[in-house]
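Scroll down for the structure; my scribbles are underneath it.
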Amino acid sequence: MAPVMSVTTSSDPVTPESTATAGSASANGAVTARPGREVVFSGMQPSGGFHIGNYLGAVRDWVTLQDQHRCFYCVVDLHALTQSYDAAEMKGRVLDMAVELLACGIDPERATLFVQSEVAEHSELAWILSCVAPYGELSRMTQFKEKGERAEYVNTGLFTYPVLMAADILLYRATRVPVGEDQIQHLELTREIVRRFNNRWGELFKEPLPLHREPLRILGLDGKQKMSKSLNNYVGVGDAPEVIRKKISNAFTDETRLRKKDPGHPESCYVCGLQRFFSPEAKVAELHEGCRTARIGCVDSKRALAEAMVETLAPIGERKRQLLSQPGRVEEILHAGAEQARRVARETLAEVRERLGLLPRRP
Ligand code: TRP
């Protein structure tokens, strides 16, 4: 049987270039650049609330990075337009995602959280960068080829998706970008765009590096496919305790363990695998030993996991309820974030316009 999930944390690929202090992202005065501090940018599509796979694979790192770097976190609604969606649901999806990011610990005092379409400079820089983005390389992007094959017709936004990503990153002069493995190729393209831009219009941007955690592939409750909302095999970060208990009680365990008295194989059991993310090491060792020696059954094992998950996710749920009890609060945070982001973005764009020989824009 295939291993349930793989976790390896590779060390940061830090090159001398990337250890330099980040540029001028301190314009808003809210968070200033300190030596050794870099500018981090990351984005997430507004899929609504997210699941524990997103949390463990990305959001947890975003929260940690806030203390080390100058972070910009963006709900990338413009990227979402490249795929079909229901316009009536978009606002809800954006806000739900923002609420959960905040509930998970993204702190507007320490990081800038905003919605991409609120800062028009993203689209503007994307156009400019498209004039140095090589067509050939764009057409070789794996995600484009895959999504293009599935699409009814191929819209140009799907093609230039990575150019908008480059604009996201470069507007803030970000040098570090936490991304999943599937986005590494897009980041490579951003680096190529930087080289071509600098070559054509003079050294301005630095090549951003990935802050890459080796694939943390959290499988869905079916134990077979990647956890995903569309496959409905997920535990949501904001799920209520009853929902978590019910979902875990239906999760897959070791298929070769038919009766409780059969010894189990925690290494190849989905539920045992997940325990590592929610319980202290000693507890996990005890549970795995109990499983191996048939002292505890799969039902006990699932109960233990469900309770540990409920406990871990409870503070997130609590913060979410608190935020939702204050009408307009999340929008307020997002508008303030957009305001901060815009200040930095405008500075960058003014420099870009100058380099390109465009007329300066009136303030
Ligand atoms: N394309 C990314 C994803 O689907 C989201 C994204 C948009 C992003 N802009 C970005 C990630 C800039 C990192 C940096 O996951």
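Only the coordinates and a few stated rules stand behind these numbers; no lab work does. These numbers were taken from a predicted model, which means no experiment stands behind them. Heads up, the Cβs are rebuilt from the backbone with ideal geometry, glycines too, and the neighbour counts pull from every protein chain shown.
Take E281 and Q68, extend 7 Å from each Cα along the Cα→Cβ direction, and tell me the distance between the two endpoints in nm.
For the pair E281/Q68, the computed spacing is 2.0 nm.
Lysines within cross-link reach of K145: Cα-Cα under 23 Å, excluding same-chain residues under 8 positions apart?
Reachable lysines: K226, K229.
From largest to smallest, what semi-axes in whole angstrom does region 241-318 give when each is the square root of 5 times an eigenvalue of its alpha carbon gyration tensor?
So the three semi-axes of region 241-318 are 22, 13, 9 Å.
Among S139, S268, which comes first, then next, by fewest other beta-carbon atoms within 10 Å? Provide the component values of the computation, followed by the final result.
Working: S139 11, S268 18.
The fewest-first ordering by Cβ neighbours comes to S139, S268.
Calculated from DSSP H runs of 4 or more alone, at -39500 (n - 2.57) each and per residue, what is the 222 nm mean residue ellipticity of the chain, nearest 500?
Taken over the chain, the calculation gives -15000 deg cm²/dmol.
With helices defined as uninterrupted DSSP H runs, which ones in the chain have an alpha carbon span along their own long axis of at least 24 Å and mean Kyte-Doolittle hydropathy of at least 0.5?
Qualifying helices, which must be both long enough and hydrophobic enough, are 87-104.
Once you keep just the Cα pairs under 8 angstrom separated by 6 or more residues, what percentage relative contact order results for the chain?
On the way: 574 pairs, mean separation 84.2, N = 363.
Taking the mean separation of contacting Cα pairs over the length of the chain, I get 23 percent.
Residue separation times 0.36 nm, minus the C-alpha to C-alpha distance between R259 and R150: what's the value?
Details: separation 109, 0.36 × 109 = 39.24 nm, distance 4.30 nm.
Separation in residues times 0.36 nm, less the Cα-Cα distance, equals 34.9 nm.
Could you give the length gained on full extension between L324 and A240, defined as 0.36 nm per residue of separation minus the Cα-Cα distance, in nm? Walk me through the intermediate numbers first.
Numbers: separation 84, 0.36 × 84 = 30.24 nm, distance 1.49 nm.
Value of the extension gain: 28.8 nm.
Tell me which aspartates and glutamates have Cα within less than 17 Å of K147's Cα, excluding those fewer than 8 residues away on the same chain?
Cross-link targets: E137, E181, D182.
Please check: in the Gaussian network model of the chain (C-alpha springs, under 10 Å), which one of P178, P327, P46 has the largest mean-square fluctuation.
Checking each option, the largest mean-square fluctuation is seen for P327.
Select from V63, G264, P134 the residue farthest towards the positive end of the dipole of the chain; place +1 on Cβ of Lys and Arg, -1 on Cβ of Asp and Glu, and compute about the Cα centre.
My answer, from the dipole projection, is G264.
Loop only per DSSP, at most 11 neighbouring Cβ atoms within 10 Å: give me the trypsin sites (Lys or Arg not before Pro) in region 282-361, ordered by residue number.
R361
Any of K224/K320; K206/K320; K283/K320 with alpha carbons more than 32 Å apart? Name them for me.
The pairs that break the limit, which is 32 Å between Cα atoms, are K206/K320.
For a quick check, take a GNM of the chain with Cα springs below 10 Å and name the residue from A304, A133, A151 with the largest mean-square fluctuation.
Sorting by GNM fluctuation, first place goes to A151.
In terms of modelled amide H atoms, which long-range or inter-chain residues lie less than 5 Å from the amide H of V115?
Residues meeting the amide H criterion: V75, A338.
Using Cα springs under 10 Å in a Gaussian network model of the chain, which residue among A336, A80, A285 shows the largest mean-square fluctuation?
A285
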